Amino acid sequence: MSDPKIPVFFHPAQLDFKPLYEWAFGERIDHPETTARAESILAALRGAPEIFDVHPPRALPLTALRAQHDYQLLSLYNTARRLAEGQTFYPTVFPRERPIYADPHNIHHAGAFCFDSGTPLNAQTFDAAVWSAACAKDAAEAIRSRATRLAYALSRPPGHHATRDLFGGYCYFNNAALAARHLRGAGRVAIIDIDFHHGNGTQSLFYRDSKVLTISVHGDPRAFFPFFAGYPTETGAKAGLGYNMNLVLETGADAQAYLRLLDEVALPAVRSFAPAWLIVAAGFDTYHKDPVGRFDLQTTDYADIGERLGRLGLPTVVVQEGGYYTPDLGLNARTFLCGARDGQRAPRPALAHD
Ligand SMILES: [Zn+2]
C-alpha cells in the first residue's frame, strides 16, 4: 500500500492580493511578497502528485480570528476593502502617545494598527489573509483528527510577524499561532520558527503561556527585521517564563552552523518540553540566493532540517512563512516537506537499554 499523501491547503483567493512595492533604505523596490511565491510552491508540489494532495481549506469564521486578534485589526482590514481597485495604502504615520484615538474605519489611522511601512493594505488584503489563516487552521485540524501526521499550510500572505493587535512584516494574521491555538486544547504545542527573521508576533502571542513553547532560529535582530525583538534575553514572562527561546545565528551561517544549533539546542529543548504537537513556521529566506535573508543554506540542506524535525516523531503542521527567491522557493519547500516525511518514517534511534 502506498503512503498517505501530505495534505496541502491553499485557496486561489490568496493570489488576488498583489503588493506592489516597498521602501527599503530610501529606495522604492518591487515588493518581495509576490504571488509568484505561492505559484512557485504550488507548481513544485503539483509536480509530485504521488506525494502531495492540494486542496482549498474550508472557510474560516471570523470569530476564530477575533479570538486571537484585536477586533479593530479586522475592522481596519474591512475598511481597506473599500479602497478603489488598484489603490494601495501604505501606513507611514505611527502614533506613539498612549492612549491614542485611532479609528479603524479611517484608513489614514492604519499606522495605529501596524508597526512598519512595508506591509500594504488594499481591497484584496482581508480575504487573502483570511484564506491564508484558514489554511493553517485546516492543516492543524488534519493532524488533530489524526487523519495525517504531517500537513502543510501554503499560507500566503505569511503570518509570524503579526501580533494580537498589529500587522507588519508582510503579515496580517498570525497563521502559525492560529494553528497552535487550535491544537493547544489537545496537548502542549511546540512551535519552531525557521524563517530567517525572528517570529516576533508568535513570540508575543504566547509569551506568558507555558503550554506553547516558542523557539525561533534567526538572523541577528540588531541588523535584521524585526530589529526590536528576537534577542536571547527574551525568555517568556509570568507562567510562560522559560518557554520562549531565541537562537541567533551569524550572518552567512551555513548548514553546519544551522544543524549544529538545531542538534545541540533547539531539538533537545523540544524533546524535554515533550509536546503533543509540533508546528514549523517555515520560511525559506535562509536560502543562499534569497534577496532578503542572509544565511547560506542550499536546497539539499532543507532535506536535512526537515528530517531532523520529522525525527521528533510528532504530528506536525508546516506553515509557510517567508522565502523570496521564487525560482527555487517551490523546490526548497518540497525538499523540506519530503525531508520531514522521511524523518517521521525513520526508525527512532535505539535507546541504550534496547
Ligand atoms: Zn523572513
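The values are calculated or read from the model by the stated rules, or taken from the named source; none is laboratory data. Note that the structure is a prediction, hence the values are computed from the model and not measured. In this analysis, Cβ positions are derived from the backbone assuming ideal geometry, glycine residues included, and neighbour counts consider all displayed protein chains.
Descriptive notes on the structure:
- In segment 183-203, the qualifying residues are those that are closer than 23 Å to residue 292 by Cα and in a helix (DSSP H, G or I), and the one that is farthest from the ligand (Cβ to nearest atom) is 203.
- Which listed residue is away from the ligand (no atom under 16 Å from the Cβ) and in a loop (DSSP other than H, G, I, E, B), from 151, 180, 123, 128: 123
- Filtered by the rule that a residue be loosely packed, with under 13 Cβ neighbours inside 10 Å and of a type in the set (Asp, Glu), segment 43-57 gives a lone residue, 50.
- Evaluated against (1) surrounded by fewer than 18 Cβ atoms within 10 Å (Cβ to Cβ); (2) small (Gly, Ala, Ser); (3) at pLDDT 95 or above, residue 40 falls short on exactly one condition, (1).
- Residue within segment 209-224 that is over 30 Å from residue 288 (Cβ atoms) and not charged (D, E, K, R) present: yes
- Sole exception among (1) small (Gly, Ala, Ser); (2) farther than 30 Å from residue 190 by Cα; (3) crowded, with 24+ Cβ neighbours inside 10 Å for residue 151, by number: (2)
- Residue match in segment 135-146 (condition: in a loop (DSSP other than H, G, I, E, B), more than 10 Å from the chain's Cα centre (by Cα) and closer than 30 Å to residue 89 by Cβ): no
- Looking only at segment 230-259, residues that are surrounded by fewer than 19 Cβ atoms within 10 Å (Cβ to Cβ), free of Cβ contacts under 8 Å to residues at least 40 places away in the same chain and part of a loop (DSSP other than H, G, I, E, B) come to 8 in all.
- Of all residue pairs spaced 6 or more apart or on separate chains, those with beta-carbon atoms under 7 Å, a first member in segment 315-339 that is basic (Lys, Arg) and a second member that is at pLDDT 95 or above and more than 12 Å from the ligand (Cβ to nearest atom) are 334/44; 334/45; 334/48.
- When the test is whether a residue is under 21 Å from residue 124 (Cβ atoms) and touching a Phe, Trp or Tyr at 6+ places or on another chain (Cβ under 9 Å), residue 30 passes it.
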